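So the structure is just underneath, and the comments pick up after that.
Each value in this text was obtained by applying a stated rule to the coordinates, not by laboratory testing. Everything numeric here is computed off the predicted structure, so don't read it as measured data. For neighbour counting, all protein chains shown are included, and Cβ atoms are generated from backbone atoms with ideal geometry for every residue, glycine included.
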Amino acid sequence: MEHIPLNFPFLAAALLVGIALYIIIFKKNLVKLIMGIALLASGVNLFLVALGYRAGGIAPIYTDAPEGPMVMSVPQALTLTSIVINVAVLALMLTMVIHIYRHTGSLDSEKSRKMKG
Amino acid sequence: MAALITHSPILIIAIPLAAAFLTIPIGMASRKARNALVIGSLTFVVFLVFALARDISINGIHLYTLGATSPDLTIPTGFMVPVRIILEVDGMSIFMGIIWSIVSLAAATYSLSHISSETGQTRFYTLLLLMVTGGFGMMFTGDLFNFFVFIEIASISGAALISFRTRFADTQEGGFKYIVVSAIASLMILFAIGLLYAQYNLLNIGALAQAIQYTTLDKIALALLLIALAMKTGMVPLHLWFPDSYSVAPASITGMLVITSHACMYAAFRICFTLYGGVINAPVVGWIIIIFGLLTMFVGVTMAVFQKDVMRFMSYHAVSQLGYMWVGVGVGLAVLGNTELLSTYGRDAMSGGIFHILNHAMYKPLLFFTGGALFHYTGTRDLTKMGGLAHKMKWTTILYIIGTLSISGIPPLNGFSSKILIYESVYQFHPILTITGIIVSILTLASFTKAFHSAFMGAELPEYKEVKEVPKSMIIGMVILAAGIVFVTLFPSLVVDWAIHPAADALIDQGAYINAVTGAIP
């Protein structure tokens, strides 16, 4: 870890969020839209995990813990919760897309848009 | 009884959650027992909410620390900051809780016959109760991350309920739009929570409010939170998904979705007033909220005038009415730092906005329910195809008239009492706000009269010869809300004194919210 700059994970998270926003705004395919949201979730999760890293801190596992300052486990707990929630959201989205495809025969968000006004 | 009130914040969240999962085994055994469980648990929650409201009006803010030896032990021994999840119920939270408990009971009663011809009804009630859990959690929690969890619970179950009738194509599309918007909004909220946690190592709203510095990162977090919550409430220009999703859901769910919008609005107020209350640049943020609120009022109503689909038409009106609340509370925020102006008209403007939440939460679900009643028998949402329904559906007609008069602000109905409170107070801030408000109100009346005429008036149409009055439980659901409207109409000053002013004061008084959590620090 020594040769990786500390803010590298934050740049990666920002890159993920940027790509995700590009996909969500510009892609017309509904499955690609869902992938965009999955990437957005990964970006935010990476950001949370990166927050939890402290140089020199040890993992908050009490069994056989070495000496030294222990990091606070809150960001990891937040990330786990967020991952679980996002699984539910993505699964629900995919079931809806299956239903949309059955009704309209298309995954194009322009074509399936029946509601106007 | 005392123990019941002490534990009531968590019971109000836990009872619908437990009932949600109990509906599945009980629903397999007996349909009647399942319905009794749903209605019984929601009625008990209404009782608990009112008991808690009485307790708060006497003893002030009610704290509940999860997992602590004593519910008011907010800061564990040996720690300097609150680390446990804290439920913090003050005047504003319990005000939203009262609305949510009544509307969810009315919606569940209405659903009993509204969805009786659908398949998978047990799962419908499971999702409905989960949505109730999510809504209460959003209103009662004093913890930012906990808020994120509950907003997701409400969004996921809400989206599944919108798409519940899978045989229609438009329900799938409406549900998909809702879940996409919710997912993006909640990830923005999570990102903002991360930004705040990175600087202060805190998640509790009260403790964060004490530590917050208003750095650049805080400003970014505030912008992310407000944009996400405005997107969830359907504020113009982020309103395009709103009618698509709200118009296709079962009518009872549309009524509940309106209140989840209000819950997001409540969260936005909580963030502006409580979390950032001490450091926020109040005039700038206040003016931004006022300008977008005005746009929301005006764009919503002008779009509604052209709609032919009865539920879409009402959804656009919901967008428009939400603008009144943004403007009312926005004016309060804009003068937050100035004690003199705040007491002259700021507090009244906020009371007006909050009062309008109550009134809108009564008449808008009522109107959606009548729209659902029309759909129930005619099988169409197109207003041009309806006509002469007043001959057959007398109760629905009367209830629709009550809702229409109320939403248009006709004296002496409750819509008028809150609108006049907003008009009088925001006029002193800037006259243009009142003028826009009155124009929007006139357009609302005009379009609702037109809809009334095309659906109910005229001769009986031959294709609706077989139409009869809707089943009893749907009428009971609507009457619960109409009774709320009549009560507020008859006793407006009582409601303002007992519920609205405490709610407005709870938002203004940031110190009380912080002290309730961190008071133990010497």
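Odds and ends about this structure:
- When only the Cβ of Lys, Arg, Asp and Glu is charged (+1, +1, -1, -1), the dipole of the protein assembly as shown relative to its Cα centre reaches about 2020 debye.
- Here the Karplus relation 6.51 cos²θ - 1.76 cosθ + 1.60, evaluated at θ = phi - 60°, turns the backbone of the stretch A:49-55 into coupling constants of 5, 4, 4, x, 7, 10, 4 Hz, with x for every Gly and Pro.
- Under the Karplus curve 6.51 cos²θ - 1.76 cosθ + 1.60, θ = phi - 60°, whole-Hz ³J(HN,Hα) for the stretch B:204-219, x wherever Gly or Pro sits: 6, 5, x, 5, 5, 4, 6, 8, 5, 10, 6, 6, 4, 4, 4, 5
- If you wrap the stretch B:26-65 in the convex hull of its Cα atoms and look at it from every side, the mean projected area works out to 3.7 nm².
- Shown for B:84, A:102, B:381: other C-beta atoms within 10 Å of each C-beta, ranked fewest to most, produce the order A:102, B:84, B:381.
- Inter-site label distance for residue B:493 and residue B:442 at 7 Å from Cα along Cβ, in nm: 3.1 nm
- This model, with +1 at the C-beta of Lys and Arg and -1 at the C-beta of Asp and Glu, gives chain B a dipole about its Cα centre of some 1280 debye.
- Selection from B:162, B:64, A:66, by position along the positive dipole direction of the protein assembly as shown (Cβ): B:162
- Helix-only [θ]222 nm of chain A, DSSP H runs n ≥ 4, -39500 (n - 2.57) each, per residue, nearest 500: -22000 deg cm²/dmol
- If the convex hull is drawn through the Cα atoms of the stretch B:281-490, its volume per residue in Å³: 102 Å³
- For a label point 7 Å along the Cα-to-beta-carbon line of residue B:338, residues of the stretch B:418-435 with backbone N under 14 Å: B:426-431
- Inter-part distance where the stretch B:436-455 and the stretch B:133-183 are each reduced to a Cα centre, Å: 30 Å
- Taken one residue at a time, the phi angles of the stretch B:447-461 give Karplus couplings (6.51, -1.76, 1.60, θ = phi - 60°) of 6, 6, 5, 4, 5, 4, 4, 6, 8, 9, 7, x, 6, 5, 8 Hz. Gly and Pro are set to x.
- Label reach from residue B:29 (point 7 Å along Cα→C-beta): in the stretch B:106-122, amide nitrogens under 18 Å belong to B:122.
- Max-minus-min Cα coordinates of the stretch B:367-509 on each principal axis give 58, 32, 22 Å, with the largest extent listed first.
- Annotation note: trypsin sites (Lys or Arg not before Pro) in the stretch A:20-93 located in DSSP loop regions with a Cβ neighbour count of at most 13 within 10 Å are A:28, A:54.
- Using a simple spin-label model with pseudo-atoms 7 Å out from Cα toward Cβ, residue A:53 and residue B:14 lie 4.0 nm apart.
- For the stretch B:1-144, the residue among B:115, B:87, B:74 whose Cα projects farthest onto the positive side of the dipole built from Cβ charges is B:115.
- Selection from B:396, B:459, B:508, by position along the positive dipole direction of the stretch B:362-520 (Cβ): B:459
- Residues whose amide H falls under 5 Å from that of residue B:73, counting only those 5 or more places apart or on a different chain, are B:65, with hydrogens built in the peptide plane.
- Out-of-range pairs (alpha-carbon distance over 23 Å; input B:232/B:364; A:28/B:177; A:28/B:364; B:32/B:472; B:308/B:364; B:177/B:308): A:28/B:364
- Cβ crowding within 10 Å ranks B:467, B:284 as B:284, B:467, fewest other Cβ atoms first.
- With Cα atoms, 0 to 90° folded angle of helix B:251-269 axis to chain B main axis: 20 degrees
- With Cα atoms, 0 to 90° folded angle of helix B:121-140 axis to chain B main axis: 40 degrees
- When you work out D = kT/(6 pi eta Rh) for the stretch B:1-139 at 4 °C and 1.567 mPa s, using the Kirkwood radius from C-alpha pairs as Rh and the Stokes-Einstein form, the result is 81 µm²/s.
- Rounded to the nearest 20, the size of the Cβ-charge dipole of the stretch B:437-496 about its Cα centre is 120 debye, with Lys and Arg at +1 and Asp and Glu at -1.
- Averaging Cα coordinates gives a centre for the stretch B:216-247 and one for the stretch B:403-429; these two points are 26 Å apart.
- Gained length - residue B:54 relative to residue B:73, 0.36 nm times residue gap less alpha-carbon distance: 4.6 nm
- Relative to the longest principal axis of the Cα atoms of chain B, the long axis of helix B:472-490 makes an angle of roughly 60 degrees.
- The mean sequence distance of close C-alpha pairs (under 8 Å, at least 6 residues apart), as a share of the length of chain B, puts its relative contact order at 17 percent.
- Comparing Cα centroids, the stretch B:279-311 and the stretch B:485-508 end up 24 angstrom apart.
- Residue order for B:23, B:6, B:489, B:302, fewest other beta carbons within 10 angstrom first, comes to B:302, B:6, B:489, B:23.
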